[in-house]
Amino acid sequence: MEKLTLGVIFGSRSCEREVAIISAVQLMNHVDPEKYDLVPVYIAPDGRWYTGKALRDIRTYTAFDPRKAQLEEVTLDLSAGSGALLTMRPGKGLFGKPEQAIVARLKVCLVVMHGLNGEDGTLQGLLELANLPYTSTGVAGSAIGMDKIMMKRFFQGCGFPVLPGLAVKASAYAADPAAVHAQVERELGYPVFVKPANLGSSIGVSRADDEAALADALELAFEYDRRVLIEKGLDKPIELNCSVLGFDGEMEASPIEMPVTHDEVLTFGDKYLHGGGTKQSGMASLSRVLPAPIPDALRDEIQALSMRIFDELDCKGVVRIDYMWDRATDQLYITEINTIPGSLAFYLWQAKGVKYSALIDRMLDCALKAHAEKNERTYVYTSDILSGVQLGSKGAKGAKGAKGTL
Ligand SMILES: Nc1ncnc2c1ncn2[C@@H]1O[C@H](COP(=O)(O)OP(=O)(O)O)[C@@H](O)[C@H]1O
Ligand SMILES: [Mg+2]
């Protein structure tokens, strides 16, 4: 069987770049070398793209030096279906001009990005334009899933359970902070959780129990985004996460995990830094109870809702949907969807007997299926409207009033 050239694209200009590096290096160790020719593609913080063997070694990133690591800087040829990673290599001889070379031709891409410029539909748009199959949710679903304000509106529209929230722009807050404070008190009441619209990993998220804390929380959140979500807060909710895998109606939900919180907010530290002693890293190192010790009925409800969410957002590959369960009222709320979850949620699938390499195969199958379906559709609609059009450019005198004039 011919091997597929697989581009693993990761990193990017995002606050969560380092988390993505861990997720990607972890994943690359589980790609089946019998099936795939793996090409790592790292997008550095300055936006340059690199490839090379050293990208599979986590030490490469501690003091990132592309020359020392013998990496090649590449660009992706965006011509539909090309998949070529292009580089400039030194010309022959002393005065030879640098020449463009093709380092690899990607046939399918596995996107390992968390946060902006990668998980949010931007890279997905680029890959759609390049007509390359890729593993994550499409452009619209990724963008909505990344933006906490749009996500809430979308879920509300679907009738899914979310906590009430207010959206605030930095300009509106700067113009009249007291009005925003008053609206929060009137419509939500304390405590509230304040979150930058487009972030993840709990960066910039804080709880406010009074007006002074709200002002501080907003100031922090506006450092990261000009749009901020203020959400009604729950007191010590039980957090429950569920992954869904599949594409277009064929999907499956994972067992549910209960992350263990060290504070009111499940912090960046909880998520990635308390794994000491375990051999895991990234999201896989989080302290958790798996499967979560919850009633079977709640488990079934979460799994069913997760699949409905996956379907409504037209997701693809593997996602993780996070919930808060308020014990006091026995209410379940969706916290968020992560369309590219930390560690690709492999540990949740492992708990169901799915090996990481098998999870990767299934994600790639989804990517190829979605791509094949898209390319079966018609993108050409033959008409003769262009031939009937005359634009009023030079040399087109007398076109006024002619049929089809714009
Ligand atoms: N409304 C809320 N009530 C109580 N805790 C919350 C609320 N919203 C967020 N949290 C806490 O903050 C954490 C991060 O919030 P989340 O919306 O998931 O942002 P991120 O995308 O950064 O993970 C959650 O895992 C939870 O611990
Ligand atoms: Mg979260």
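Descriptive notes on the structure:
- FRET E, pair Tyr190, Arg153, Förster distance 22 Å, beta-carbon r, rounded to 0.05: 0.40
- Modelled label reach - Glu18, point 7 Å along Cα→Cβ, the stretch 99-121 residues with backbone N closer than 18 Å: 113-116
- Per-bin percent of Cα-Cα distances, the stretch 164-232 [5 Å]: 4, 20, 34, 29, 12, 2
- Principal axis box of the chain, alpha-carbon based, largest edge first, Å: 70, 64, 44
- For the pair the stretch 1-62 and the stretch 287-364, the centres of their Cα atoms are 24 angstrom apart.
- Overall form of the stretch 236-354 per C-alpha gyration tensor (a/c, 1.5; a/b vs b/c): oblate
- Sparse-neighbour loop sites [chymotrypsin sites (Phe, Trp or Tyr not before Pro); the stretch 330-388; at most 16 other C-beta within 10 Å; DSSP]: Tyr379, Tyr381
- Ordering of 296-307, 130-141 by packing is 130-141, 296-307, highest average first (other Cβ atoms within 10 Å, averaged per residue).
- For trypsin sites (Lys or Arg not before Pro), the sites in the stretch 68-140 that DSSP calls loop and that have at most 16 other Cβ atoms within 10 Å are Lys68, Lys92.
- Of the GluC sites (Glu not before Pro) in the stretch 24-131, those whose Cβ has at most 16 other Cβ within 10 Å and which sit in DSSP loop: Glu34
- Taking a point 7 Å from the Cα of Asp296 along the Cα-to-Cβ direction, the residues of the stretch 325-355 with backbone N closer than 19 Å to it are 352.
- At an R0 of 22 angstrom, the distance between the Cβ atoms of Gln331 and Ala213 translates into a FRET efficiency of 0.35.
The numbers here are math on the coordinates, done by the rules we state, and not lab data. Predicted model, so just to flag it, every value in this text is computed and none were measured. Virtual Cβ from ideal backbone geometry, glycine too; neighbours counted across all protein chains shown.
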